[in-house]
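Down below is the structure, laid out as structure tokens.
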Amino acid sequence: MRHTLRLHGVTVGYSELEHAEPKLGRARGAFRPGLGYDLIQPVFRLYAAAVPRSGSPQDEAMLRRYHKSRDALALELQDADGRVVRTSAVHIADYTVEEGAQALEIEVLIKDDEYWERRAAGGDRSGSS
């Protein structure tokens with residue numbers, strides 16, 4: 001099921017959220033940037049700089065800056081039917097500089113029981129991980 005991520009009405013990307021964990025209220029998957037992704041990419045690159053995949057120590061000050069900036073974005077997730085899905089956090093792991101254009105993943109914390117019910121009723125079998 002295609003999901004759209006928006007910033008004040010501007011489409012910033014898409015994901016199938018192919019890995020769902022309803023009991024945890026979490027869904028994740030590959031992220032495909034839209035035309036508006038460049039508006040938010042600097043925020044998610046902060047995370048990559050703060051938490052390098054190389055195993056280097058985390059930069060706690062930069063991580064705090066990332067969380068504050070990410071939360072200020074007020075990103076909106078929509079399901080395939082255009083319904084807004086209530087989220088408590090949206091995180092995009094953007095390691096494109098280090099690993100190439102395909103190194104984009106999204107993780108969403110979803111506190112929307114109706115969403116999980118619709119997803120289960122829709123027969124989404126890709127949701128277990």
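The values are calculated or read from the model by the stated rules, or taken from the named source; none is laboratory data. Computed from a prediction, not measured in an experiment: that's the story for all the values here. All Cβ positions, glycine included, derive from the backbone under ideal geometry; neighbour counts span all protein chains shown.
Summary table
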| read-out | value |
| --- | --- |
| Criterion: out of contact with any strand residue (DSSP E or B) (no Cβ under 7 Å at 6 or more places or on another chain) and either of a type in the set (Ser, Thr, Tyr) or at pLDDT 95 or above (or both) - qualifying residue of 54, 88, 129 | 54 |
| Filter result for residue 66 (within 21 Å of residue 8 (Cβ to Cβ) and among the hydroxyl-bearing types (Ser, Thr, Tyr)) | yes |
| Of residues in the stretch 39-60 being under 14 Å from residue 103 (Cβ atoms) and of a type in the set (Ser, Thr, Tyr), the one surrounded by the fewest Cβ atoms within 10 Å (Cβ to Cβ) | 54 |
| Qualifying residue in the stretch 22-38 (condition: over 14 Å from the mean Cα position of the chain (by Cα), under 16 Å from residue 108 (Cα atoms) and surrounded by 16 or more Cβ atoms within 10 Å (Cβ to Cβ)) | yes |
| Some residue of the stretch 10-17 being of a type in the set (S, T, N, Q), more than 12 Å from the chain's Cα centre (by Cα) and under 28 Å from residue 114 (Cα atoms) | yes |
| Selected residue (criterion: surrounded by the fewest Cβ atoms within 10 Å (Cβ to Cβ)) from residues of the stretch 1-21 that are among the polar types (S, T, N, Q) and touching a residue at least 40 places away in the same chain (Cβ under 8 Å) | 4 |
